[in-house]
Amino acid sequence: MGIFDITGSFTVSLSAQIGPDDSFHVNRPFIERTPPRTFHDHEFFECFWILTGGCTHYINRTIGRVDAGSLVFIRPADVHAFQNIDGPPCQMVNVAFSAETVRHLGRRYTTDLEGRFFWTDELMPASFKLDTAQMRDLSLLEQGLDRGARSLARIEAFLLNLMTDLLGGIASDTAGAPDWVNRACDAMSDPAALREGVSALVALTGRSHEHVSRTFRRLFGQTPSAYVNALRMNQAARQLSDTDTPIMEVALDCGIEDLSHFYRLFRQAHGISPMRYRRRTRVDLVHPQKLAVYE
C-alpha cells in the first residue's frame with residue numbers, strides 16, 4: 001500500500017487549538033520519524049518554516065522535501081502530512097490564523113498580494129527558500145508574535161511584514177523542486193555567484209542551459225535570468241537601505257555593469273528608482289539634516 005492510500009483524513013479546526021480571545025496560534029514541533037497515520041486539511045490558513053534539519057512533506061498527493069530555510073504558505077484545502085525519514089531532528093515553526101484574516105488582507109492589499117502567497121490557484125502551495133540573513137530576519141518577526149496578546153493586529157502585522165518586506169523581492173520556490181534546483185538556488189546567496197549571474201546558476205546545477213531554462217519556467221514561471229535578476233534587486237535594495245555605497249558600486253556588486261540597465265531592473269522590481277528608494281528607506285526624523293545627502 002502506498003503512502004497516499006492511507007484512509008481517514010480529517011479537517012483541523014483552529015478554534016479547537018486556541019483560546020477564545022486569540023487570533024492566531026504558534027507551534028514549534030519536532031517532526032516525527034514514524035510514517036503519518038493520516039493526512040489533514042484545515043479550516044484556517046497557516047505558514048510554516050523549517051528551523052533545523054529537514055523532512056519529507058506529503059502534500060496534495062505529491063512527495064516533496066522541506067529543509068532548513070524552507071517557508072511554505074498552506075491554504076485550507078491543502079492536504080498534507082510530514083515525516084522525518086532520516087537525518088538529524090527536524091524542527092519547524094507553524095503559525096496558524098483564521099480564514100477571515102487572510103480574506104481581509106486579500107481585499108485590502110489586492111495589488112500587492114494577488115496571485116502570490118495564499119492567493120494562488122496552483123496545485124502546490126507557494127513556497128520560498130530563505131538564506132541565513134533572511135532566516136535571521138524571519139526569527140525577529142517571529143519573536144514579535146510572542147510579545148503580548150495573540151491579537152488580530154499582531155498577526156496582521158506579522159503577515160504584512162513577512163509578505164511585503166521580507167519576501168517582497170524574493171522569487172517563490174515550488175514544493176517538490178528537484179534537489180539540484182534547490183542546491184543551486186541556495187548557492188546563489190554567495191555574492192560572487194550572484195555577480196557572475198546566470199552562468200554561475202547553470203554551472204551550479206550541473207545541467208545544460210536549455211534544461212535549466214525549461215525547469216525554471218515550469219517551476220517558477222520565469223527564466224533563469226529573471227530569477228537571478230530578482231535576487232540581484234533584492235540584494236541591491238538591502239545595500240541601498242543599509243549602506244552609503246554609491247549606486248554605481250551597488251550595481252557592480254550585483255553583477256550589472258550597465259547603470260541604465262540596473263535602473264530599469266530596479267524600477268521594475270521596486271516601483272521606484274534606486275535613488276528614491278534610498279531616500280525613502282533612509283529618512284531620519286531625528287537628524288533630518290542627513291536627508292540632504294540623498295537629494
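Is there a residue being of a type outside the set (S, T, N, Q) and at positive phi anywhere in region 154-168? Scanning region 154-168, I find no residue that is of a type outside the set (S, T, N, Q) and at positive phi, so the answer is no.
For every residue, the table says whether it meets (1) in contact (Cβ under 8 Å) with a residue 12 or more places away in the chain; (2) within 18 Å of the chain's Cα centre (by Cα); (3) farther than 23 Å from residue 14 by Cβ; (4) not assigned by TED's automatic domain parsing to the domain that holds residue 270.
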{"position": "58", "(1), (2), (3), (4)": "yes, no, no, yes"}
{"position": "61", "(1), (2), (3), (4)": "yes, no, yes, yes"}
{"position": "70", "(1), (2), (3), (4)": "yes, yes, no, yes"}
{"position": "73", "(1), (2), (3), (4)": "yes, yes, no, yes"}
{"position": "94", "(1), (2), (3), (4)": "yes, yes, no, yes"}
{"position": "117", "(1), (2), (3), (4)": "yes, yes, no, yes"}
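Might you check whether a residue that is surrounded by fewer than 17 Cβ atoms within 10 Å (Cβ to Cβ) and within 30 Å of residue 205 (Cα to Cα) occurs anywhere in region 139-157? Checked region 139-157: at least one residue is surrounded by fewer than 17 Cβ atoms within 10 Å (Cβ to Cβ) and within 30 Å of residue 205 (Cα to Cα). Exactly one residue among 251, 237 is crowded, with 20+ Cβ neighbours inside 10 Å, more than 22 Å from the chain's Cα centre (by Cα), of a type outside the set (Asp, Glu) and closer than 25 Å to residue 165 by Cβ, and that residue is 251.
Check 95, 102 and return the single one that is crowded, with 19+ Cβ neighbours inside 10 Å and not in a strand (DSSP E or B).
Numbers: 95 fails: not in a strand (DSSP E or B).
From the options 95, 102, the qualifying one is 102.
Which residue is surrounded by the fewest Cβ atoms within 10 Å (Cβ to Cβ), if the candidates are limited to region 110-123 and must be out of contact with any strand residue (DSSP E or B) (no Cβ under 6 Å at 6 or more places or on another chain) and in a loop (DSSP other than H, G, I, E, B)? Show your work before the answer.
Step one: of region 110-123, the residues out of contact with any strand residue (DSSP E or B) (no Cβ under 6 Å at 6 or more places or on another chain) are 110-116, 119, 121-123.
Now narrow it down to the ones that are in a loop (DSSP other than H, G, I, E, B): 114-116, 119, 121-123.
Details: 114: 11, 115: 10, 116: 14, 119: 18, 121: 6, 122: 13, 123: 13.
Residue satisfying both the conditions and the ranking: 121.
Residue 165 passes every criterion in (1) under 20 Å from residue 238 (Cβ atoms); (2) among the acidic types (Asp, Glu); (3) buried (at least 18 other Cβ atoms within 10 Å of the Cβ) apart from (3). Residue count for region 1-18, restricted to those that are surrounded by fewer than 12 Cβ atoms within 10 Å (Cβ to Cβ), of a type outside the set (S, T, N, Q) and either in contact with a Lys or Arg (Cβ under 8 Å, 6 or more places away or on another chain) or at pLDDT below 75 (or both): 5.
Given the criterion part of a helix (DSSP H, G or I) and in contact with a helix residue (DSSP H, G or I) (Cβ under 9 Å, 6 or more places away or on another chain), identify the matching residue among 182, 229.
229 is the lone residue from the list that is part of a helix (DSSP H, G or I) and in contact with a helix residue (DSSP H, G or I) (Cβ under 9 Å, 6 or more places away or on another chain).
In contact (Cβ under 8 Å) with a residue 60 or more places away in the chain and farther than 19 Å from residue 164 by Cα - does that describe any residue in region 184-193?
Taking region 184-193 and keeping what is in contact (Cβ under 8 Å) with a residue 60 or more places away in the chain, we get 186, 191.
Imposing the further condition that a residue be farther than 19 Å from residue 164 by Cα reduces the set to 186, 191.
Yes, region 184-193 has at least one match.
Taking region 194-224 as the range and being under 22 Å from residue 277 (Cβ atoms) and part of a helix (DSSP H, G or I) as the test, the residues that pass are 194, 195. Confirm whether residue 87 is over 19 Å from residue 48 (Cα atoms) and in contact (Cβ under 8 Å) with a residue 24 or more places away in the chain. So residue 87 fits the description; yes.
The values are calculated or read from the model by the stated rules, or taken from the named source; none is laboratory data. This structure is a prediction, so every number in the text was calculated from the model and none was measured. Neighbour counts are summed over all protein chains in view; Cβ atoms, including those assigned to glycine, are modelled from backbone coordinates with ideal geometry.
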